[in-house]
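The values are calculated or read from the model by the stated rules, or taken from the named source; none is laboratory data. Just so you know, these numbers come straight off a predicted model, no measurement behind them. We place every Cβ from the backbone using ideal geometry, glycine too, and count neighbours over all the protein chains shown. Each accessible area value is taken on the protein alone, full model and side chains, heavy atoms only, with ligands, DNA and RNA left out. Shrake-Rupley method; radii C 1.70, N 1.55, O 1.52, S 1.80 Å.
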Amino acid sequence: MRVQDMLSNPTITANVVAGDLRNVKPGSNMVAIGSRLAQTLGAYPGSEISLISPEGRSTVVGTVPRIVSYTVGAVFEVGVYDYDKAFVVMPMEDAQQLLMLGDQVGIVELQTSNPDKVAEIVAPLQPLIRGRGIISDWRQMNSALFQALEIERVAMFVVLSLIVLVAVFNILSSLIMLVRAKTRDIAILRTMGASRGGMMKVFVTVGVTIGSLGIVLGIILGAIFLFFRQPIVDAIQGASGQNLWDPSVRVLTELPSKTDPIEVTAIVLTALILSFLATLYPAYKAAGTDPVQVLRYE
């Protein structure tokens, strides 16, 4: 487990699930622990836990680890498995005393409101701490996770593209069957003065309307599934008996969701353009219908 002084961190203070973080103050001999760690230890506010520090007293037989007992003052759950499983939060003074650091600290963490530019932000610090410390940003610390997410993102893009293509081919086949079924009607309209361009517009409009309705319905269903994503996962887990979202593997406690308007717009436009392209061949076939050949034996 890791011991840190993060009592002023809003991520901790806003996610206390049991106890009171105000009880964890210097000299109180109290700590706050993550919910997963509390579950593993069977601990709750008021329980006693023992922390072992390898930096202990030196004796003739070697270094004796320090064992200090603390009272659990609060339990927090930030939603990240590694934090909830392995972190113990205590006042800075108590942590320095436990680890025998004096007035020193082992790690200094910086938070920024623009994490995408973290390399530019920490660049001026590199020459200042060279030889005395190491700078590691969130991308380096979680590089394996982000590589896995990139692979999963590409795989999901391929799967979704195939689904869109299947839907487009369904529109194409439906319009082809519609043209075949309405050949006589098309021929009658042509004899009444309907132009080739007018016939193409009719079938293009039908195809684009079908595609647009499918896109709107897909957006609505997608929004509903995103809003109720965790209850849906829990229901599937309860029905199947399988743990579909294991926090120890997925890192996060619950299935996250973040909608990117740019990506949604790109997907909608792509689907709309493909729907339009799928209508061109059936519309061209309908416009090319020869009324003389169709109505010769009528």
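For segment 109-132, filtering for residues that are of a type outside the set (S, T, N, Q), in a helix (DSSP H, G or I) and open to solvent by 70 Å² or more (accessible area, probe 1.4 Å) leaves 7.
If you filter segment 170-195 down to residues that are in contact with a helix residue (DSSP H, G or I) (Cβ under 6 Å, 6 or more places away or on another chain) and more than 15 Å from residue 288 (Cα to Cα), you find that the one that is most open to solvent (accessible area, probe 1.4 Å) is 172. Among residues of segment 17-50 being in a strand (DSSP E or B) and over 13 Å from residue 76 (Cα atoms), the one that is most open to solvent (accessible area, probe 1.4 Å) is 48.
Restrict the check to segment 225-243 and report whether at least one residue is surrounded by 11 or more Cβ atoms within 10 Å (Cβ to Cβ), within 16 Å of the chain's Cα centre (by Cα), in a loop (DSSP other than H, G, I, E, B) and not acidic (Asp, Glu). Within segment 225-243 (the criterion being surrounded by 11 or more Cβ atoms within 10 Å (Cβ to Cβ), within 16 Å of the chain's Cα centre (by Cα), in a loop (DSSP other than H, G, I, E, B) and not acidic (Asp, Glu)), the answer is yes, since at least one residue qualifies. Just name the residue that is surrounded by the most Cβ atoms within 10 Å (Cβ to Cβ) out of those in segment 51-85 that are among the polar types (S, T, N, Q) and modelled with pLDDT of 85 or more. That would be 71.
Scanning segment 87-108 for residues that are open to solvent by less than 30 Å² (accessible area, probe 1.4 Å) and assigned to a loop (DSSP other than H, G, I, E, B) returns 90, 91. Of the residues making up segment 244-298, just one is surrounded by fewer than 16 Cβ atoms within 10 Å (Cβ to Cβ), part of a helix (DSSP H, G or I), at pLDDT 80 or above and of a type in the set (D, E, K, R), namely 263. Between 143, 136, the distinction of being within 28 Å of the chain's Cα centre (by Cα), at pLDDT below 80 and open to solvent by less than 70 Å² (accessible area, probe 1.4 Å) belongs to 143 only.
Of all residue pairs spaced 6 or more apart or on separate chains, those with beta-carbon atoms under 6 Å, a first member in segment 174-191 that is within 13 Å of residue 279 (Cβ to Cβ) and a second member that is part of a helix (DSSP H, G or I) and open to solvent by 70 Å² or more (accessible area, probe 1.4 Å) are 179/285.
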